[in-house]
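Note sheet for the following structure.
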Amino acid sequence: MPNFSNTPAGPRPAIKRIFPLNAGQREAAEAWVEFGARTPSKPRSASSVVLLKDSPTGLRTFMTYRPGGSPLGLVAFPGGTVEPADDDVTDWVGPSPTQWAKSLGTANVDAAKRHVVAAIRETFEETGILLAGPDATSLVEGVSGPEWMKAREALAAQDVPFASLLERRGLALRTDLLKPLSHWLSPDFAHRRFDTRYFAAARPVSQEPQLLSSKGVWGRWVCAADILAARSTSALGDEIGVDTTAGLTLGELVVPGVEIILEKLGAARGCIAYLSHKRPINEYQPALVAEPDGNFELEVQAAPASEGAACRER
């Protein structure tokens with residue numbers, strides 16, 4: 001069971017990080033500056049899960065392409081918005097919603113529960129990885145067949161509630177398999193904004209990700225260190241091979257929160273070390289910076305990438 005202590009191992013001063021805007025953000029930033037700052041749009045609650053597995057070349061995580069200008073980025077970890085029906089899930093093992101609220105740093109127990117349910121639901125819908133089992137010591141197996149794909153398609157179309165899917169199969173959420181990571185808010189100027197809770201989970205040994213038949217475009221296990229090594233090139237965007245990604249660098253494909261998490265994964269010495277690292281659940285929000293030449297950048301105050309690191313920070 002993960003250690004939910006949020007006490008950091010020691011003081012880790014934040015450093016200023018600068019990130020580029022993607023094409024959609026530039027348009028919104030220009031309007032924000034031209035017409036003056038206004039009341040930001042209300043963010044939608046969202047959850048995203050960093051699936052992990054070890055490999056000889058370093059820690060790997062599963063990433064997917066997200067069409068439609070998602071606030072989570074063009075390339076992101078599995079995830080999506082919290083839905084009203086997430087309240088209906090009651091089959092639950094592991095830390096209670098109250099414990100989760102504490103670990104997420106919020107007094108809103110209901111909101112904490114929704115984020116946890118959405119994290120597991122969206123991961124199952126998008127990848128087929130299901131963090132659920134008949135009891136607190138076991139995990140469902142054999143979730144890759146056509147029957148399970150049909151269930152995922154129905155879930156994605158909102159034809160079947162997640163609570164009903166779990167109940168019919170006698171499954172309860174294994175919330176003990178999730179680890180809270182960080183809390184990110186979309187920039188104030190963005191037209192579509194998310195209030196996103198990031199979680200991490202190790203890939204169950206009996207399950208392997210498979211993209212949703214009707215929506216999957218690109219997705220695979222990536223080595224965080226390799227992705228970062230090629231961050232200044234368009235290698236990843238060209239590999240995905242759609243018009244919206246070709247020619248783009250990592251910073252133009254992902255949101256700052258995703259890039260920072262990748263940096264921490266790249267510095268980690270393995271899955272167990274990363275998941276067991278004690279970290280505060282800080283809230284981050286990129287701030288818009290207007291340059292004298294008329295360009296825009298995003299500024300984030302973030303801690304160095306040393307979570308479960310194998311060596312000294314570079």
Taking the stretch 284-302 and the residues there that are open to solvent by 60 Å² or more (accessible area, probe 1.4 Å) and either among the hydroxyl-bearing types (Ser, Thr, Tyr) or over 15 Å from ALA23 (Cα atoms) (or both), the one that is modelled with the highest pLDDT would be GLN285
Taking the stretch 86-140 and keeping residues acidic (Asp, Glu), out of contact with any helix residue (DSSP H, G or I) (no Cβ under 9 Å at 6 or more places or on another chain) and either under 22 Å from ALA157 (Cβ atoms) or part of a helix (DSSP H, G or I) (or both) leaves GLU122
Taking the criterion of being at pLDDT below 95 and either more than 30 Å from VAL222 (Cα to Cα) or over 16 Å from the mean Cα position of the chain (by Cα) (or both), would at least one residue in the stretch 61-69 satisfy it? yes
Scanning the stretch 223-238 for residues that are more than 20 Å from VAL50 (Cβ to Cβ) and out of contact with any strand residue (DSSP E or B) (no Cβ under 9 Å at 6 or more places or on another chain), the one surrounded by the fewest Cβ atoms within 10 Å (Cβ to Cβ) turns out to be SER232
Restricting the stretch 161-203 to residues that are among the charged types (D, E, K, R) and assigned to a strand (DSSP E or B), the one most open to solvent (accessible area, probe 1.4 Å) turns out to be ASP195
Going through the stretch 212-222 in order, the residues found to be under 16 Å from the mean Cα position of the chain (by Cα) and open to solvent by less than 60 Å² (accessible area, probe 1.4 Å) are GLY219, TRP221, VAL222
Does LEU52 fit the bill of being open to solvent by 10 Å² or more (accessible area, probe 1.4 Å), within 15 Å of the chain's Cα centre (by Cα) and under 30 Å from GLY241 (Cβ atoms)? no
Expected single match for among the aromatic types (Phe, Trp, Tyr) and over 18 Å from the mean Cα position of the chain (by Cα) among PHE194, PHE162, PHE199 is PHE162
Over the stretch 143-153, the set of residues part of a helix (DSSP H, G or I) and either open to solvent by 20 Å² or more (accessible area, probe 1.4 Å) or modelled with pLDDT under 95 (or both) is PRO146, GLU147, TRP148, MET149, LYS150, GLU153
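The values are calculated or read from the model by the stated rules, or taken from the named source; none is laboratory data. All figures in this text were calculated on a predicted structure; none of them were measured in a lab. Ideal geometry is used to build each Cβ from the backbone, glycine not excepted, and the neighbour counts take in all protein chains shown. With ligands, DNA and RNA removed, areas are computed over all heavy atoms of the protein, side chains included. Shrake-Rupley method; radii C 1.70, N 1.55, O 1.52, S 1.80 Å.
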